[in-house]
1. Can we say Ile196 is over 14 Å from the mean Cα position of the chain (by Cα), within 16 Å of ligand 2 (Cβ to nearest atom) and not polar (S, T, N, Q)?
2. Of the residues that sit in region 193-221 and are acidic (Asp, Glu) and more than 17 Å from Phe261 (Cα to Cα), which one is farthest from ligand 1 (Cβ to nearest atom)?
3. Counting just the residues of region 60-80 that are of a type outside the set (Gly, Ala, Ser) and in contact with a strand residue (DSSP E or B) (Cβ under 8 Å, 6 or more places away or on another chain), which one comes out nearest to ligand 1 (Cβ to nearest atom)?
4. Can you tell me which residues in region 54-81 are small (Gly, Ala, Ser), over 9 Å from Tyr113 (Cα atoms) and either surrounded by 17 or more Cβ atoms within 10 Å (Cβ to Cβ) or touching a Leu at 6+ places or on another chain (Cβ under 9 Å) (or both)?
5. Based on what the data block shows, is Val206 within 16 Å of ligand 2 (Cβ to nearest atom) and β-branched (Val, Ile, Thr)?
6. May I ask you to list the residues in region 201-233 that are among the small types (Gly, Ala, Ser) and surrounded by 21 or more Cβ atoms within 10 Å (Cβ to Cβ)?
7. Show the residue pairs that are 6+ apart or on different chains and have beta-carbon atoms under 9 Å apart, the first residue being within region 173-193 and under 18 Å from Val237 (Cα atoms), the second being among the basic types (Lys, Arg) and not in a strand (DSSP E or B).
8. Select from region 102-139 the residues that are among the small types (Gly, Ala, Ser) and crowded, with 17+ Cβ neighbours inside 10 Å and write down the one among them that is nearest to ligand 1 (Cβ to nearest atom).
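The values are calculated or read from the model by the stated rules, or taken from the named source; none is laboratory data. A quick note: this is a predicted structure, and the numbers were derived from the prediction, not measured. With ideal geometry, Cβ positions are generated from the backbone for all residues, glycine too; neighbour counts draw on all protein chains shown.
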Amino acid sequence: MVTYLDADTAPLRNTGQIRLYGEEAFAGMRKACNLTARCLDELVDIVKPGVTTNAIDRFVFEFGMDNGALPATLNYRGYTKSTCTSINHVVCHGIPDDKPLREGDIVNIDVTYILDGWHGDASRMYPVGTVKRAAERLLEVTYECLLRGIAAVRPGARTGAIGAAIQAYAEGERCSVVRDFCGHGVGLLFHDAPNILHYGNSNEGVEMREGMIFTIEPMINLGRPHVKVLSDGWTAVTRDRSLSAQYEHTVGVTSTGCEIFTLSPKGLDRPGLPS
Ligand code: MF3
Ligand code: CO
Ligand code: CO
């Protein structure tokens, strides 16, 4: 049986119970998530052929510092970077390094800032220079998956409705949904209950309630859904080496639907694609 907790009084650890947040929390999340979105906006002009993912990581760290925020991934479960940079067939959790980006790459940049205790988690895909049509189509499909998942959020519906909407669209476009990673409750904790699956049926999962805050972050592949994690313990890649894409927003459930906390103030939610 799932239980829901008042976020103001519940202990600060993931007990599997679902926190319901109030107006003060929503205000805090707006600020943290806006900072994350602004960082992702800045990166639009930074991502170019020749730029290393370590340079991107440094920018994310410094932009956080300049704005009073700490990257949540820094020293998280042994991870030592400020961002994840996942290129081409890397599904998620790519570790920034000194290899330059190349013309035609597609890279996901995933940033989570902690501001006044609130976690703002979002990611976008960035085309590097001009990319092949197949890659561009994958970005379009994946972004549409995120939007359709968000459109399924409302109190009374189950979290499975999010996954069902995403899976139906992705598979209808002859793409596949990664099963090994999911969205998550977020707020005072980085990764909290509930898990948000990006596949499944609308009668599955927990009932959504006003005040829940979670991420939706579908990973969609051009080939098969299966992934493996490399020996560094983090980098997840497609087993068939097909291209993979991901976009992520943090949302809060309202009385009528949801508020997207990580929307780009500049309308750059899908860099390189027509908005
Ligand atoms: N930001 C990722 C997410 O969307 C998590 C990254 S954890 C890390 O949940 F340790 F890999 F950085
Ligand atoms: Co997330
Ligand atoms: Co993220």
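1. The answer is no for Ile196.
2. So the first thing to find is which residues in region 193-221 are acidic (Asp, Glu), and the list is 204, 207, 210, 217.
With more than 17 Å from Phe261 (Cα to Cα) added as a condition, the list becomes 204, 207.
On the way: Glu204: 21, Glu207: 23 Å.
This residue is Glu207.
3. Step one: filter region 60-80 for residues of a type outside the set (Gly, Ala, Ser), giving 60-63, 65-67, 70-71, 73-77, 79-80.
Next, only the ones that are in contact with a strand residue (DSSP E or B) (Cβ under 8 Å, 6 or more places away or on another chain) stay: 60-61, 67, 70-71, 73.
Details: Val60: 11, Phe61: 13, Asn67: 18, Leu70: 13, Pro71: 9, Thr73: 3 Å.
Filtering region 60-80 for residues that are of a type outside the set (Gly, Ala, Ser) and in contact with a strand residue (DSSP E or B) (Cβ under 8 Å, 6 or more places away or on another chain), the one nearest to ligand 1 (Cβ to nearest atom) comes out as Thr73.
4. Residue satisfying the conditions is Gly68 alone.
5. On the way: within 16 Å of ligand 2 (Cβ to nearest atom): no; β-branched (Val, Ile, Thr): yes.
Against the criterion (within 16 Å of ligand 2 (Cβ to nearest atom) and β-branched (Val, Ile, Thr)), Val206 does not qualify.
6. Filtering region 201-233 down to residues among the small types (Gly, Ala, Ser) leaves 202, 205, 211, 223, 231, 233.
Within region 201-233, Gly205, Gly211 qualify.
7. Cys175/Arg137; Ser176/Arg224
8. So the first thing to find is which residues in region 102-139 are among the small types (Gly, Ala, Ser), and the list is 104, 117, 120, 122-123, 129, 134-135.
Restricting the remaining residues to those that are crowded, with 17+ Cβ neighbours inside 10 Å gives 120, 122-123, 135.
Details: Gly120: 10, Ala122: 8, Ser123: 6, Ala135: 21 Å.
Checking each candidate, the answer is Ser123.
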